[in-house]
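Colleague: What follows is a structure written as C-alpha cells; I'll ask about it next.
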Amino acid sequence: DGSVVFWFAPNWASTSDTNDFGTGPGVWSRLLEIGTYTSDASFGWWSLFMDDVGNNIYFSAQDASGGEADYLSAPVTFTSNAWHLIALTWSSTNTALFVDGTCLTNGPGLSVLPGPDILAGGFAIGSDAATGTMQMHGAMNNLTSYNYALDAGTINGAFVMNEIFYLPYTANIQ
C-alpha cells in the first residue's frame, strides 16, 4: 500500500484548455517513474505519466516477465503555470487518482510490480529514468510519499489547507 502527493505546475497548457491554446508537454511525459517501459514488459516499470498533449494522466506498471497493467487513466485540463495538487493512492484492492482534492478516477488494485532489483535502482522525478527525454516540462513541489493509502478526506483536506499557498500564484516557469 502507498500514496504519493505533490504539487505540479506545467509550463504548458493542455490542448483541451481552449482559453490558453495549449500544446501539452510535447512528449509522453513522466511525473514519477521507476524502471523503464519496454514494449514487451521485459524490464520492469512503474509510472505516473501524461500524454503528449497534456489531456490525460495515467498510472501503469510492468514486471520483468511480460506482465503489465494500466491501472487508471483520467482526463485533465491544465493551464500553463497554474499549480495543481496530484495524489495517487494504491493498495492490493484499489488505485485512485486525485487532482485538486477531487477523485478523478479509481482502478483495480496493484497486481503487477517491477522486481526488487528494479525497485532498488531508485526512481526518477519529472522525466523518464532511461533517457531523460520524457520530461514533464514544469515545476513540482512538496513531493511526499506514504507507506499506506491515504483516504479521500485526507487528500481533500491537504488541498483545502494548502491551496492558499499555491492557487493565487503562478509558477512562472520558462
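Colleague: For the chain, take the longest principal axis of its alpha carbons; what is the angle in degrees between that and the long axis of helix 152-166, to the nearest 10 within 0 to 90?
Modeller: With rounding to tens, the tilt is 40 degrees.
Colleague: In square nanometres, what is one fourth of the surface area of the convex hull spanned by the alpha carbons of the chain?
Modeller: For the chain, averaging the hull's shadow over all directions gives 9.4 nm².
Colleague: Provide the net charge surrounding residue 29, with neighbours chosen by a C-beta distance below 13 Å and charges set as Lys +1, Arg +1, Asp -1, Glu -1.
Modeller: -3
Colleague: First compute the accessible area of the chain with a 1.4 Å probe, then give the percent of it belonging to carbon and sulfur atoms.
Modeller: Answer for the chain: carbon and sulfur cover 53 percent of the accessible area.
Colleague: Accessible area per residue of the chain at 1.4 Å probe, in Å²?
Modeller: Each residue of the chain exposes 47 Å² on average to a 1.4 Å probe.
Colleague: Still on this structure, please answer the following. Using Cα centres only, tell me the gap between the stretch 79-152 and the stretch 1-54 in whole Å.
Modeller: Each part reduced to its Cα centre gives a spacing of 10 Å.
Colleague: What number, rounded to the nearest 500 deg cm²/dmol, is the helix-based mean residue ellipticity at 222 nm of the chain, given -39500 (n - 2.57) per DSSP H run of at least four residues and division by all its residues?
Modeller: -3000 deg cm²/dmol, from helical runs alone.
Colleague: Hey, what's the per residue convex hull volume over the C-alpha atoms of the stretch 75-124, in cubic angstrom?
Modeller: Here the figure is 112 Å³ per residue.
Colleague: Full-extension gain between residue 102 and residue 144, please, as 0.36 nm times their residue separation minus the C-alpha to C-alpha distance.
Modeller: Roughly 13.3 nm would be gained on extension.
Colleague: Ok, one more. Mind checking the full-extension length gain between residue 120 and residue 167? Use 0.36 nm per residue of separation minus the Cα-Cα distance, one decimal, nm.
Modeller: Here the answer is 13.3 nm.
Colleague: A further question on this structure: So what's the net charge close to residue 69: Lys and Arg +1, Asp and Glu -1, counting the other residues with Cβ under 15 Å from its Cβ?
Modeller: My count for the surroundings of residue 69 gives -4.
The values are calculated or read from the model by the stated rules, or taken from the named source; none is laboratory data. On a predicted model such as this, the values are computed, not experimentally measured, just so you know. Note: ideal-geometry Cβ built from the backbone for every residue, glycine included; neighbour counts use all protein chains shown. The area values use the complete protein model at the heavy-atom level, side chains included, leaving out ligands, DNA and RNA. Shrake-Rupley method; radii C 1.70, N 1.55, O 1.52, S 1.80 Å.
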